[in-house]
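The values are calculated or read from the model by the stated rules, or taken from the named source; none is laboratory data. Note that the coordinates shown come from a computational prediction; the quantities given were computed from them, not determined experimentally. Backbone-built Cβ (ideal geometry, glycine too); neighbour counts: all protein chains shown.
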Amino acid sequence: MPAYELIIPQELDGAAIRKAATGIMGLSSRQFKRCKFQGEMRLDGELVHADARLHAGQRLWLYAPERDVPQPEAREIPLTVYYEDEHLLIVDKPAPLPSASSQRQTGATLENAVYAHLGCPEGFVYRPVNRLDKGTSGLMVVAKEAHAQHLLQKLLHTDQFQRTYLAVAEGTLPDCEGCIDLPIAKEDAASIRRIVHPDGKEARSFYKVEAVANGRSLIRLKLDTGRTHQIRVHLSALGCSICGDFLYGTELPELPGRFALHSTAIRLWHPLKNCWLTYESPLPDALAALLTTSNHNE
C-alpha cells in the first residue's frame, strides 16, 4: 500500500499540504485526491485534513490507496527480468506478445505475465511506463506503484530516460547516420496507420547504420520524441521499411506475428533510489539471421 513521507523543509513552512505533496514529494493530482478522500494524512503522527498548514521540521505522512480495478488472469509466460525492486521492474518483452490487455486484446499479454511473476498480489494494478507494439520485442519498464509510475513517466523523452532500438530494415539509408525529422499524423480517424504529413506532430529519430548485408541494414535508433509507430513510419518514409512490418512494409514468414524492431537498451535515473539503471538486451537470433539470409524482396 503506497505511503509517502517527508520532513518539512524551511521553505515549506506555512504552506498547504498539497504544495508539499505535488511538489517535493512528486505525487500527481490524482494521487493527492486519493490521499484526501480515500487515504490518510498525518503530521507528526496525528490525523489532519487537507487544509492543515505545515511547519518546518514536522513529519508529513501520506497514504494513497490503489484504485480498485479488475484483476487480470495470471499467465505463466517465461519472462526475462533484468532488474526488480519494490518500486519497478525492467523486463524483456518477447514478440508478438502485446504489452497490455484491452477490450480488443483478450489473449495473453505482458500484463498477465507480470501479474503471475509478482505472485498475483491483491489489488494489483498494471503500470507500464513505456510501451512496445505487439510486434516489437525488448526492454520495458513497469512500475509497481502509482507514485513510481508518475515519477518515471515525467522522465520519458528526457536525458534521464534513454531508450535505444535496433531495427533490421530493407535496403539502405542515404547516410550512415543522421536525424529523421518528419512530422507524423494519423492516416485517418478509422485507421491505426500513421503517415508523414506536414500538419502532423513533430517527430525526430536519430539513427546510425551499424551494418549492411544482403540488401538489408542494421540500424541503431534513439528517439527525441515518442509518436505512435515513429520508427516504423520514419524508416518506411525513407524507403527502408522494417523487415516483416505488415503495416508499413511486407510481412515475412520467418517472423510470424512480429517485425524486426527490438528495444535493445535502457538507461534511466531511478527517482526513488537516486541511481542510474543501465541494461542491454541483445538482438534476438531471428532478427540477426535476417542479415545472413537472402533478401527475398531483391
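Here are a few things to note about the model shown:
- Residue, surrounded by the most Cβ atoms within 10 Å (Cβ to Cβ), within region 261-290, restricted to residues that are in a helix (DSSP H, G or I) and among the aliphatic types (A, V, I, L, M): Leu287
- The residues listed here are Val233, Val209; of these, the one that is of a type outside the set (D, E, K, R), surrounded by 20 or more Cβ atoms within 10 Å (Cβ to Cβ) and in contact with a Lys or Arg (Cβ under 9 Å, 6 or more places away or on another chain) is Val233.
- Within region 192-220, the residues that satisfy the criterion of being part of a strand (DSSP E or B) and aliphatic (A, V, I, L, M) are Ile195, Val196, Val209, Ala211, Val212, Ala213, Leu218, Ile219.
- Any hit, region 142-150, residues being of a type in the set (A, V, I, L, M, F, W, C), modelled with pLDDT of 95 or more, within 26 Å of Leu247 (Cα to Cα) and outside any loop (DSSP other than H, G, I, E, B): no
- Which numbered condition Leu89 fails, given (1) in the same structural domain as Cys275 (by TED's automatic domain parsing); (2) surrounded by fewer than 15 Cβ atoms within 10 Å (Cβ to Cβ): (2)
- Region 1-53, residues that are charged (D, E, K, R), within 36 Å of the chain's Cα centre (by Cα) and not in a loop (DSSP other than H, G, I, E, B): Glu5, Glu11, Arg18, Lys19, Arg30, Lys33, Arg34, Lys36, Glu40, Arg42
- Some residue of region 54-66 being buried (at least 17 other Cβ atoms within 10 Å of the Cβ), aliphatic (A, V, I, L, M) and outside any loop (DSSP other than H, G, I, E, B): yes
- When each of Arg220, Arg258, Arg216, Arg204 is tested for being closer than 22 Å to Pro98 by Cβ and either assigned by TED's automatic domain parsing to the domain that holds Met140 or crowded, with 22+ Cβ neighbours inside 10 Å (or both), the lone residue that passes is Arg258.
- Number of residues in region 1-25 that are surrounded by 17 or more Cβ atoms within 10 Å (Cβ to Cβ) and either polar (S, T, N, Q) or within 25 Å of Ala143 (Cβ to Cβ) (or both) equals 7.
- Every residue from region 236-251 that is crowded, with 21+ Cβ neighbours inside 10 Å and either under 16 Å from Ile180 (Cα atoms) or free of Cβ contacts under 8 Å to residues at least 60 places away in the same chain (or both): Ser236, Cys240, Ser241, Ile242
- Among the residues of region 155-174, those that are out of contact with any Phe, Trp or Tyr (no Cβ under 8 Å at 6 or more places or on another chain), in contact (Cβ under 8 Å) with a residue 24 or more places away in the chain and not in a strand (DSSP E or B) comprise Leu156, His157, Gly171, Thr172, Pro174.
- When region 8-35 is filtered for residues that are over 19 Å from Ala148 (Cα atoms) and either touching a Ser or Thr at 6+ places or on another chain (Cβ under 6 Å) or not β-branched (Val, Ile, Thr) (or both), the ones remaining, listed by number, are Pro9, Gln10, Glu11, Leu12, Asp13, Gly14, Ala15, Ala16.
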